[in-house]
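**Student:** Below is one structure. I have some questions about it.
The values are calculated or read from the model by the stated rules, or taken from the named source; none is laboratory data. Bear in mind the structure is a predicted one, so any value in this text is a computation, not a measurement. When we count neighbours, we look across all protein chains shown, and the Cβ atoms used for this are built from the backbone with ideal geometry, even at glycine. When the accessible area is computed, the model is the full protein with side chains, heavy atoms only, and any ligands, DNA or RNA have been set aside. Shrake-Rupley method; radii C 1.70, N 1.55, O 1.52, S 1.80 Å.
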Amino acid sequence: MTDVREVSCRPPGRRVLLFLAALSAAGAGAALVRAAYRGPDGWLGGGPLLGLLGLAALHKATARVRADTYGVHSWTLLRRRSVRWGDLADLRVRLKYANTPRVQDTRGVSLLLRDGRKLLLPLPRSRSYDDPDFDAKLDAFRALHRLHGTPESDHVPVVSYRTAGRGWAGSLALCLLLLGGAGLAAWFVPSAAAGERAWRSATPCTAGTPAADRDECLTTLTAVIARTDATWSRNKSSWLYFVDGRPMDRLAVSSDGAKMFGPGDSVELTVWRGEVREVVGERHVYRLHVPASGELAVVAAVCLLAAGHPAARVLLRLRGRRLPDDEVLPSALPFAGALVGTALWLLPLAYLHPTILLTDPAATTWAATGSTATLAFFVWAWRATRVRTPGEIDATTGVTGETGVTGEAGGFAEKETGETETGAEYDVFLAARFLEHTDYNPYGFGTHVVLGGGPLAVTPHLGPGRFAAKPVPVERLVVKGVRRVRGSDGDTVPSGWHMAELDDAGTPVRLAAAPDDLTRILRELASGPLRRESRASRSRRGGTRR
């Protein structure tokens, strides 16, 4: 597309969007007119909603993007922007994942400026990974950029929630919100504990108890149940109704509590601090649930642990801030595992000892031991989520991230016994996958690569046996480079894997595997020609001796 001179993007279904905007405006106007003549009613609430829908439809209908020899120009309802090709560092694909299965993911085009700013273009947009129109528009944009500017990358960077270029403001806001909830729950723990102590030490009121002190003692009232109203939902309150409305009309209880009693049952109500705490009948006793200090402490601990996951995501993004924006960051699952391990000792401690953590020797020892385990968990998580670049592997294995695997540095010399260092005379199954459709990986069926006991092959299982295995044509493959996983590699590749870029007789092929497993596979690829030469030389020597 070197002959592209101009690219223009307009929203699909523009006339439909304009019709919806006009219809929404008419509906909003009709609601306002009705409210003016008949006064405010239920129709008035629909006016602002229709107005917002009309503005959204008008905003989408008026969006337009054009790229020409001067740069990229975008128009929306409220703003116009123009970026010159000299100020544009790169063109990227912004991938926004849907939150629900019924909504498809959205692809858009983002501009990276020389000063580091990022602008998301309103068009083109695509809800499919196989959209020829979107791909053609993107290729045209990149062709114009190569012609009139200097792109930073030679590939199409894809930025998603997994990559380093995605912002972390949302994770930070969620972390602060959960920390605020933890602090609020912890604030009420001392008062709840004081209330529990006062309830346990409360005694029945006597005739000589002053009226001002009757809230702190237990008052017993008699009543007769007129009827009960038990709901099936646990989220809704059930009710006990009393005869003649004495001492009250009704009392809110749980569904199980309402089923304990029936019409005509005589009960005693225990009142403390102006609230009914117990309902005592002939056969059942129902105690109203009041949040205890241990429960509030558990809520605070849960909010604190939940805040750890978005905090870990922020930490990983700050840790990988020097990575290219389209490289996939390590997963936060190791930190989630550390948080789960912390919950195993923190939640029981918070429930059983919510206020005496520093005064009880057993609780202090429990907390100190658990904190030591948590520290070990997080040290392990920190090491597990370190960014392993191909350059780090090169120093110990000889695999290069730029020039590929060559000669003795990339492979193993075959031993006289016919064994190789990649795995003697038995099969070794390694989790790996070729991302492209090839004759040895049709429709991406392979999930593992087997090596060691026979020729290198792709299998759809982890063994044992080479059932359905397809041999890899080692003589056709040439390693061009090793890199980390990018956003354009898709979501099926784990974030901790590395990607080998291969040349299959002129066709680019990608092979993904864990760093150590990928090193073994690349060594096997490099040692294939050496083993064939060794076998040929041994056969020639054997023929000469004969």
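**Student:** For segment 502-524, how many residues are in contact with a strand residue (DSSP E or B) (Cβ under 8 Å, 6 or more places away or on another chain), assigned to a helix (DSSP H, G or I) and among the acidic types (Asp, Glu)?
**Tutor:** Counting residues in segment 502-524 that are in contact with a strand residue (DSSP E or B) (Cβ under 8 Å, 6 or more places away or on another chain), assigned to a helix (DSSP H, G or I) and among the acidic types (Asp, Glu) gives 2.
**Student:** Next up: Among the listed residues Ala336, Ala362, Ala367, Ala343, identify the single one that is in a helix (DSSP H, G or I) and closer than 30 Å to Arg484 by Cα.
**Tutor:** Ala336
**Student:** Which of (1) under 30 Å from Leu347 (Cβ atoms); (2) modelled with pLDDT of 85 or more; (3) of a type in the set (A, V, I, L, M, F, W, C) does Leu288 not meet, given it meets every other one?
**Tutor:** Answer for Leu288: the failing condition is (2).
**Student:** Need pairs with beta-carbon distance below 6 Å; first residue over 25 Å from Pro324 (Cα atoms) and within segment 370-390, second of a type in the set (A, V, I, L, M, F, W, C); sequence gap 6+ or separate chains.
**Tutor:** Between residues of segment 370-390 that are over 25 Å from Pro324 (Cα atoms) and residues that are of a type in the set (A, V, I, L, M, F, W, C), the close pairs are Gly370/Trp345; Phe377/Ala338; Phe378/Ala338.
**Student:** Condition first: touching a Lys or Arg at 6+ places or on another chain (Cβ under 7 Å), within 20 Å of Glu196 (Cβ to Cβ) and aliphatic (A, V, I, L, M). Can you find one or more residues in segment 299-314 that meet it?
**Tutor:** No, every residue in segment 299-314 fails to be touching a Lys or Arg at 6+ places or on another chain (Cβ under 7 Å), within 20 Å of Glu196 (Cβ to Cβ) and aliphatic (A, V, I, L, M).
**Student:** Could you grab the pairs with beta carbons closer than 6 Å, sequence gap of 6+ or different chains, first residue in segment 114-131 and in contact (Cβ under 8 Å) with a residue 24 or more places away in the chain, second one open to solvent by less than 100 Å² (accessible area, probe 1.4 Å) and assigned to a loop (DSSP other than H, G, I, E, B)?
**Tutor:** Pairs that qualify, where the first residue is in contact (Cβ under 8 Å) with a residue 24 or more places away in the chain and the partner is open to solvent by less than 100 Å² (accessible area, probe 1.4 Å) and assigned to a loop (DSSP other than H, G, I, E, B), are Pro122/Ala63; Pro122/Thr76; Leu123/Ala63.
**Student:** Does any residue of segment 190-211 turn out to be surrounded by 12 or more Cβ atoms within 10 Å (Cβ to Cβ), touching a helix residue (DSSP H, G or I) at 6+ places or on another chain (Cβ under 7 Å) and among the polar types (S, T, N, Q)?
**Tutor:** no
**Student:** Now a separate question. Among the residues of segment 487-519 satisfying the criterion of being modelled with pLDDT of 90 or more and small (Gly, Ala, Ser), which is most open to solvent (accessible area, probe 1.4 Å)?
**Tutor:** Ala514
**Student:** Considering only residues that are assigned to a strand (DSSP E or B), touching a residue at least 60 places away in the same chain (Cβ under 8 Å) and crowded, with 20+ Cβ neighbours inside 10 Å, which ones fall in segment 51-70?
**Tutor:** Ala67
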